[in-house]
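Structure first, then comments.
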Amino acid sequence: MNFLSKEIIKALQVATGRSCANLHEPVFFGDELINLKECIDSTFVSSVGKFVDQFEIDLAEYVGSKYAVAVVNGTAALHIALKLVGVQEGDEVLVPALTFAATANAVKYCNAIPHFVDSDFETLGIDVISLSNYLEGHTFQKSGFCVNRKTGKIIRAIVPMHTFGHPVDLDLLLILSKKFNITLVEDAAESLGSFYKGKHTGTFGKVGILSFNGNKIITAGGGGAILTDDEVIAARAKHLTTTAKVKHPWEFIHDEVAYNYRMPNLNASVGCAQLKSISRILSLKRKLFERYKEAFGGIESVKLFEEPNNCSSNYWLNTLILDPNYATERDLILTDTNEAGFMTRPAWNLLSSLPHFRECPKMELTKSELLVKTIINIPSGPDLLC
Ligand SMILES: *Cc1c(COP(=O)(O)O)cnc(C)c1O
């Protein structure tokens, strides 16, 4: 076996105190079953019910946004978030190349065009400085919009993603958004419980989104949410995700083509219970990170990624970064660790390399290309220390 693999497996065993572990498992130590039973007994298992309302209230309170609209999943939340800020057919939307497919898929759902940008080594999210220089040289302003010089299209929005839970540099992004007239929409699917300078991720942009898929920091079985401080946008989010049905005692009036994206009450009942456990989950995840830090401290050729300055990260997925000299051994390490019982994963392939996104505009992606070759995610579930 590869020498580095051996050292990594040993560190995984020491830190977790286990001989095998999955990448991320949910934990249910609250009222999940009680809420589910109450939900079923009420017969309101579907698109309306008290848990949906409660979940929206609790979420908004936790993240500190005025409104939260619960939906079926994070991808649907992203789709609607882009529509809410006016992304239209033919527009371009800046998204990191290093993200989960959903971020760019949502742009496509709007018949808009993902425009891929680079990520940096400090946050694993959008490299704002490089992007700013790129926009300086490749765009011009026209009637209050940012236009791509080469394509002539409006760059309507920018969607930073808080990679593995680590906040991007939001101060710089807010400046960039203002300077270039590009609306900020945050993909905070991975970062519930992560704060930038004390403010929750997903609440900096005009709109932000969360995900409650089974592998995320808390789960509703499946689900997502749209966050905003704007009352009009929140009302429109609800309208667009509930088939644009106009309130009426019996008539079916829908005032536009819209979506059936609402979160079922059954899912919300689990979500409510999970949200109550979030601080316990966060502290378990921080503790696991500390253990990893100690265990990996002695291995020279890998670095355990730490939360950026001024941030409190949820440490959703712990991340090893290989010394670039060992990048060629990534696949071997992945094979060895998985065979040894520890589920490890590489980062996503850059979206710009997928066939259906290959023609999309992009800046130089030098850092993302190196990150893809050197990132290894290691087991991170809160269950590991339970
Ligand atoms: C999980 C995730 C999503 C999508 O969330 P779903 O609820 O699975 O649809 C979107 N963006 C990122 C970055 C994610 O990790």
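The values are calculated or read from the model by the stated rules, or taken from the named source; none is laboratory data. Quick caveat: nothing in here was measured; it's all calculated off a predicted structure. Here the Cβ is made from the backbone with ideal geometry for all residues, glycine too, and neighbour counts use every protein chain on show.
Odds and ends about this structure:
- Conditions (1) within 14 Å of the chain's Cα centre (by Cα); (2) over 13 Å from residue 96 (Cβ atoms); number of the one not met by residue 190: (2)
- Among the residues of region 339-372, just one is under 25 Å from the mean Cα position of the chain (by Cα), assigned to a helix (DSSP H, G or I) and over 23 Å from residue 105 (Cα atoms), namely 370.
- From the options 55, 116, residue that is more than 30 Å from residue 363 (Cβ to Cβ) and touching a Cys at 6+ places or on another chain (Cβ under 8 Å): 55
- Within region 79-95, residues that are more than 12 Å from residue 240 (Cβ to Cβ) reach partners that are in a helix (DSSP H, G or I) with beta carbons closer than 7 Å, at six or more positions or on different chains, in the pairs 93/82; 93/107; 95/103; 95/104; 95/107.
- Residue 308 meets each of the listed conditions (1) under 26 Å from residue 171 (Cβ atoms); (2) not in a loop (DSSP other than H, G, I, E, B) apart from (2).
- Strands (runs of 3 or more DSSP E) contained entirely in region 139-238, each with at least 1 residues that are within 16 Å of the ligand (Cβ to nearest atom) and surrounded by 24 or more Cβ atoms within 10 Å (Cβ to Cβ): 155-158, 183-187, 207-211, 224-228
- Whether a residue is more than 14 Å from residue 125 (Cβ to Cβ) and under 18 Å from the mean Cα position of the chain (by Cα) was assessed, and residue 157 passes this test.
- Against the test of being farther than 30 Å from residue 45 by Cβ and either within 17 Å of the chain's Cα centre (by Cα) or outside any loop (DSSP other than H, G, I, E, B) (or both), the options 268, 295, 273 yield a single qualifying residue, 295.
- Of the helices (runs of 4 or more DSSP H) contained entirely in region 1-114, those carrying at least 1 residues that are farther than 25 Å from residue 351 by Cα and more than 16 Å from the ligand (Cβ to nearest atom) fall at 3-16, 32-42, 50-63.
- Of all positions in region 57-74, at least one carries a residue that is surrounded by 14 or more Cβ atoms within 10 Å (Cβ to Cβ), at pLDDT 95 or above and among the charged types (D, E, K, R).
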